[in-house]
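Each value in this text was obtained by applying a stated rule to the coordinates, not by laboratory testing. This is a predicted model, so every value here is computed, not measured. So basically every Cβ, Gly included, is an ideal-geometry build from the backbone, and we count neighbours across all protein chains shown.
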Amino acid sequence: MFPIPKAVSFALPGHRAAALGIWLGLLASTGLAAHAATGCPGNPNALGTSRTLVVDPTEHPLIGTMQYRQTLPLKDHEVVLTFDDGPLPANSNRVLQTLASECVKATFFIIGRMARQFPEGVRKLRAAGHSIGTHSENHPLHFNKMSPERIRQEIDDGIRHTAEALGDPSAVAPFFRVPGLRRGEVMEDYLASKGIQSWSADFPADDWLHITPDQVYSRAIARIEAKGRGILLLHDIQPRTVAALPRILQTLKERGYRIVHVVPAAPGRPATPTEPREWYIHPPAASVAMAHWPRVPKFLFVSTATLPGPALSDSDLYGGRLRDLDLPAAIRRADDGHAAATGPLQSTAPFHAALNTANNLLALPVPSQSIFARPERAAAASHGLSPAVRLASPHGPVPAATPLSRAPRAAEAGGEPRHTFGTRPTALPDVIPSTILQR
Ligand SMILES: [Zn+2]
């Protein structure tokens, strides 16, 4: 079962809740909040568990931003501690001692095989009031590639053996974390069909890697600080985690973080009321237009009559007469007889004349046609023409070089060498298209 500690209720109306918030803020700043809220025996400065969050797995089946869009509805500077892969008494018991010394409640994801081997370790978690989820039977690391039958078997066996260790199926929370975070739709669909919540995490501490306890500590704190709130993924079976945990909790306390204990909703224990946007680390901004388009009003049409199209005379430009239409004068006269009234046609806009006058003297010389010279044979090659086309040319052998002043004749298939602007032409090897095509 999941006893709810006597946490301070935040469900106070109006100004009383605000006043309490300020009061708690002041206490937190003096390091007394945990003691006041939890009354942790033997540790007046304990970090403590600030509140218990009751979640309904059926409403939010996928949580943890490492893999999912949603995560737990935590407030800023709220952290949920989770531990995977246990129990392994030698290390798990020390983790339990550290958590107990700070009166902190966490969530453990049990491996069924470990529960069979160390059932007493699972019972200790329960006795300490932690939440107990499951983590498969054998911890296979290719969960997303297993057959649906094997996936279901791993999930079911892990739950069954954890429940047997506890002697009470209802003591197992409907929380599941897939080994290695190898999530998949088959697994998620099956969990959802059983009302089980799939837990990813919001930040790991890499404590399964070969790193030092100092690195576990620094990665945990840096990642918590970066996101400000969320689910921390740890492993109670790892000695480096055992060594790093006291310092992690100490730093969280110093920096004003609060630990939240998560329990599943149950008969007589409704889910904590939340707003949908609280389930996102980065909720959709209020300024996102897609979410806030105004409703299109329903107009009431009193008449379906169509207005007449506008006549030319409706325009007040030039008294409703077209001017400067680029039409021959004869047509315009024949059209409406207003040629005399509108004056002579303007063939060019005034700015054109100004530009031409100013710029004609500055015009660059017309480039020589030779700049654009391109050997006809190379063109044929690049277009993939067959050698037959080239051989059909009536112009005989290719000249070795051509003077710069001579403009190429584009119609020739004789093969002018390629010119580079400003240089003397250079003879190119006589490349036969067929040899290019055959390479
Ligand atoms: Zn694991």
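Counting only DSSP beta bridges whose two residues both lie in the stretch 47-281, roughly 5 percent are antiparallel. Spin-label pair ARG116-HIS77: with each label point 7 Å from Cα along the Cα-Cβ axis, the two points sit 4.7 nm from one another.
Per residue, the average separation of C-alpha pairs within less than 8 Å and at least 6 apart gives the stretch 47-281 a relative contact order of 36 percent. Checking the cross-link pairs LYS75/LYS145; LYS105/LYS227; LYS145/LYS253 against a 31 Å limit on the alpha carbon distance flags LYS75/LYS145; LYS145/LYS253 as lying beyond it. Of the trypsin sites (Lys or Arg not before Pro) found in the stretch 167-257, those that fall in a DSSP loop while having at most 12 other beta-carbon atoms within 10 Å are ARG255. Coupling constants for the stretch 65-82 follow from the phi torsions by the Karplus curve (6.51 cos²θ - 1.76 cosθ + 1.60, θ = phi - 60°), and in residue order they are 6, 5, 9, 10, 6, 9, 9, 5, x, 8, 8, 4, 6, 10, 10, 10, 8, 10 Hz; glycine and proline get x.
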